[in-house]
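The values are calculated or read from the model by the stated rules, or taken from the named source; none is laboratory data. Since the structure is predicted, the reported quantities are computational estimates derived from the model, not experimental observations. Neighbour counts run over all protein chains shown; Cβ positions are idealised from the backbone, glycine included.
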Amino acid sequence: MQRMVLCATHLSMEKDFDRWNEIKKATDAADEAKRLYFREGEIWWVRLGHNVGYEANGKSREFTRPVVVLKKYNQYSFLALPLTTVPKPNPYRLPVGIVDGKRAFATLSQLRNIDSKRLVKKIVHLDTDIFIAIKKEASRVNFG
């Protein structure tokens with residue numbers, strides 16, 4: 001259950017870390033043989049969970065969020081960019097097109113490594129030109 005908390009400077013939602021922790025434990029305990037196959041350039045629903053401060057959180061009861069698979073290291077982990085549907089002007093957001101029926105933006109400042117046990121469902125494979133542009137911009141923003 002989430003409840004509203006009034007802070008001195010803004011209104012925020014208290015995070016349900018206990019419920020996320022139960023899902024996180026179940027995700028970690030998942031059968032190794034049932035890992036999903038994924039490739040670079042795909043967009044997946046991933047269990048990101050509740051995170052700290054301004055880190056990207058998962059949404060819904062399953063704490064999921066779509067991410068772009070930028071770099072596959074092996075069958076166990078990959079580098080990803082979380083997506084958002086919030087179109088506010090920001091130099092760290094790059095439009096990627098329509099994802100699951102909504103305009104989506106890659107959040108370039110939220111680059112992170114993800115274990116493939118967090119994968120839930122493949123959404124789409126990005127057009128090659130869009131994927132190359134995202135990789136190039138993510139590299140420029142994060143590594144200069």
Next item on the list: Enumerate the pairs (first residue in region 11-23 and farther than 22 Å from residue 119 by Cβ; second residue anywhere and modelled with pLDDT under 85 and assigned to a strand (DSSP E or B)) with beta-carbon separation below 6 Å, excluding pairs fewer than 6 apart on the same chain, so at least 6 apart or on different chains.
Entry: 12/5; 14/5
Margin query: Could you go through region 58-66 and let me know if any residue there is hydroxyl-bearing (Ser, Thr, Tyr), loosely packed, with under 12 Cβ neighbours inside 10 Å and on the phi < 0 side of the Ramachandran plot.
Written below: no
Margin query: Being of a type in the set (Ser, Thr, Tyr) and out of contact with any strand residue (DSSP E or B) (no Cβ under 7 Å at 6 or more places or on another chain) is the filter here; which residues of region 41-70 pass it?
Written below: 54, 60
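Do we find a residue being at pLDDT below 85 and in contact with an Asp or Glu (Cβ under 9 Å, 6 or more places away or on another chain) anywhere in region 46-56?
So in region 46-56, the residues at pLDDT below 85 come out as 49-56.
Okay, now just the ones that are also in contact with an Asp or Glu (Cβ under 9 Å, 6 or more places away or on another chain), so 50.
Yes, that holds for at least one residue.
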Check: Has region 66-75 got at least one residue that is over 22 Å from residue 107 (Cβ atoms) and modelled with pLDDT of 90 or more?
Finding: yes
Next item on the list: Would you tally the residues in region 72-131 being touching a strand residue (DSSP E or B) at 6+ places or on another chain (Cβ under 8 Å) and part of a strand (DSSP E or B)?
Entry: 32
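I'd like to know if region 42-54 contains one or more residues that are without any contact (Cβ under 8 Å) to a residue 12 or more places away in the chain, of a type outside the set (Asp, Glu) and within 24 Å of residue 134 (Cβ to Cβ).
From region 42-54, those without any contact (Cβ under 8 Å) to a residue 12 or more places away in the chain are 51-54; that's our starting set.
Add one more test, that the residue is of a type outside the set (Asp, Glu), and what stays is 51-54.
Now restrict to residues that are within 24 Å of residue 134 (Cβ to Cβ): 51, 54.
Within region 42-54, one or more residues are without any contact (Cβ under 8 Å) to a residue 12 or more places away in the chain, of a type outside the set (Asp, Glu) and within 24 Å of residue 134 (Cβ to Cβ).
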Check: For residue 27, are the conditions met, namely being in contact (Cβ under 8 Å) with a residue 24 or more places away in the chain, under 28 Å from residue 127 (Cα atoms) and under 17 Å from the mean Cα position of the chain (by Cα)?
Finding: no
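If I go through region 30-55 residue by residue, how many of them are over 19 Å from the mean Cα position of the chain (by Cα) and in a loop (DSSP other than H, G, I, E, B)?
First, pick out the residues of region 30-55 that are over 19 Å from the mean Cα position of the chain (by Cα): 30-34.
Within this subset, residues satisfying the condition of being in a loop (DSSP other than H, G, I, E, B) are 30-31.
So the count comes out to 2.
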Next item on the list: Could you tell me which residue of region 93-144 is surrounded by the most Cβ atoms within 10 Å (Cβ to Cβ), considering only residues that are charged (D, E, K, R) and over 16 Å from the mean Cα position of the chain (by Cα)?
Entry: 137
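Out of the residues in region 56-71 meeting the condition of being of a type outside the set (Ser, Thr, Tyr) and in a strand (DSSP E or B), tell me which one is farthest from residue 132 (Cα to Cα). Show your work before the answer.
The initial filter retains those residues of region 56-71 that are of a type outside the set (Ser, Thr, Tyr), namely 56-59, 61-63, 65-71.
Narrowing the set further to residues that are in a strand (DSSP E or B) leaves 59, 65-71.
Values: 59: 27, 65: 21, 66: 18, 67: 15, 68: 12, 69: 12, 70: 9, 71: 12 Å.
So, considering only residues that are of a type outside the set (Ser, Thr, Tyr) and in a strand (DSSP E or B), the one farthest from residue 132 (Cα to Cα) is 59.
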Check: So which residues in region 1-29 are in a helix (DSSP H, G or I), modelled with pLDDT under 85 and among the polar types (S, T, N, Q), if there are any at all?
Finding: 21
